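What follows is a short report on a single structure.
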Amino acid sequence: MKIILFNGYDVWGGGEKWNFEVAQKLLSAGHEVVFIGPANGELFKRFDKLKTTHPNLDTLEFPITDKTYLNLVKQMVFWQLLNQINADAFVFNSYRDVRAVGWAVGRSHIKKRILRVGTPHAPKNKWSYRLTFKNGINTFVGISEDCIEAFRKTVPEFLEGKTIAKITNGIKLDEFVPVKKEIGETFIFGNCCRLTDQKGLSLFLQAMKILVDQGHKVKAIIAGDGEDKEKLLKERGELGLDSIVEFTGHIEKTAEFYPQIDALLFTSYFEGTARTILESYACARPVIAFKASSMAEMVNDGVDGYFAEAFSVDDLAKKAALMIADKKKVLEMGQAGRAKVEREFSSDATYAEWVKLITT
């Protein structure tokens, strides 16, 4: 089969990583892959390098903007391009991209037109989305039930007549080793994420302040970078946590982060399928997360971690104190988390599901 992967972004993120990895699985299974996107994008550059060793991979430049859907000339050019490629399947990775070229894709001969949704937010119910969703895709795949439910609640008409499926994120288990670590007198919490409002790191800091005021011996390590860095550093100082909470900045190999901590204190307001939680489990580190969004699908309360009441700093600190008080249980929960990832979230298994869905 010949499959087109389309991604209009020039940045590198979770969706781009998924595109690159699923392409490699499709190529190794003997399928032809054509990637279409902006030539200045990180994903395009990586595919350009990869095709030197994969003759069944090709790249084609097609930049888009937020107004591409209004450009009839571009729509016709893209439609003609699709006719030349003569592909069997077309895969979108964002609803912005569906709006951009969905009209052309919907009028092409391509039978399988797939959208992968990785965030629990639906687009606004505008004519441009209604039109392109109706014709541009016929298969809708959410990476969590929360992603699917977001569309069902707000724009159910966007899903009418579509095949709906769920395929979660997965991780490469051999990259994340469950390093054994005895929990010392000082309990170390951590988080590994982009420093942005979505990640709720202000709540993380406030929970740490409560634990310190209660007399617990704790430390925290937060890995990552982002637009909220200076604001968070300022809040750390105002809370008197400069010697308690360390911000490491961006780390390239996240597998090196988790062995440094005893548990993940995950404070996101929403996620698709949180890769950070999966990586923490894979390294046998239990998780405390709010019972909200897709986190409610990932944590088995009392088995591989604890739920905190949604966005309650007090309950977050309460669950953290439970871990501090029972270090043996923390180790047991970490092992349960590793077993869960092996059972449910292996990238080999999830990508096999994708290859099957795309090619059959």
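When both residues are 6+ apart or on different chains and their Cβ atoms are under 8 Å apart, which pairs have a first residue that lies in region 330-347 and is modelled with pLDDT of 95 or more, and a second that is basic (Lys, Arg) and open to solvent by 10 Å² or more (accessible area, probe 1.4 Å)? Note: pairs meeting the criteria are Gly334/Arg285; Gly337/Arg285. Farther than 22 Å from Tyr351 by Cα and over 23 Å from the mean Cα position of the chain (by Cα): is that true of Thr59 in this structure? So Thr59 fails the test. Scanning region 151-195 for residues that are in a loop (DSSP other than H, G, I, E, B), open to solvent by 30 Å² or more (accessible area, probe 1.4 Å) and in contact with a Gly (Cβ under 8 Å, 6 or more places away or on another chain), we see that the one that is farthest from Ala207 (Cα to Cα) is Pro178. The set of residues from region 11-60 being in contact with an Asp or Glu (Cβ under 7 Å, 6 or more places away or on another chain), small (Gly, Ala, Ser) and open to solvent by 10 Å² or more (accessible area, probe 1.4 Å) comprises just one member, Ala39.
Do we have Cys147 as in contact with a helix residue (DSSP H, G or I) (Cβ under 7 Å, 6 or more places away or on another chain), open to solvent by less than 50 Å² (accessible area, probe 1.4 Å) and closer than 21 Å to Thr119 by Cα here?
no
For the residues Ser128, Ser108, Ser94, the requirement of being open to solvent by 10 Å² or more (accessible area, probe 1.4 Å) and more than 23 Å from the chain's Cα centre (by Cα) singles out Ser108. When Lys356, Lys318 are screened for being part of a helix (DSSP H, G or I) and surrounded by fewer than 14 Cβ atoms within 10 Å (Cβ to Cβ), only Lys356 passes. Restricting attention to region 260-297 and to residues that are open to solvent by 10 Å² or more (accessible area, probe 1.4 Å) and part of a helix (DSSP H, G or I), the residue that is modelled with the lowest pLDDT turns out to be Arg275.
The values are calculated or read from the model by the stated rules, or taken from the named source; none is laboratory data. Note that the structure is a prediction, hence the values are computed from the model and not measured. Positions of Cβ are backbone-derived with ideal geometry, glycine not excepted, and every protein chain shown enters the neighbour counts. Calculation scope for accessible area: heavy atoms of the full protein, side chains included, ligands and nucleic acids excluded. Shrake-Rupley method; radii C 1.70, N 1.55, O 1.52, S 1.80 Å.
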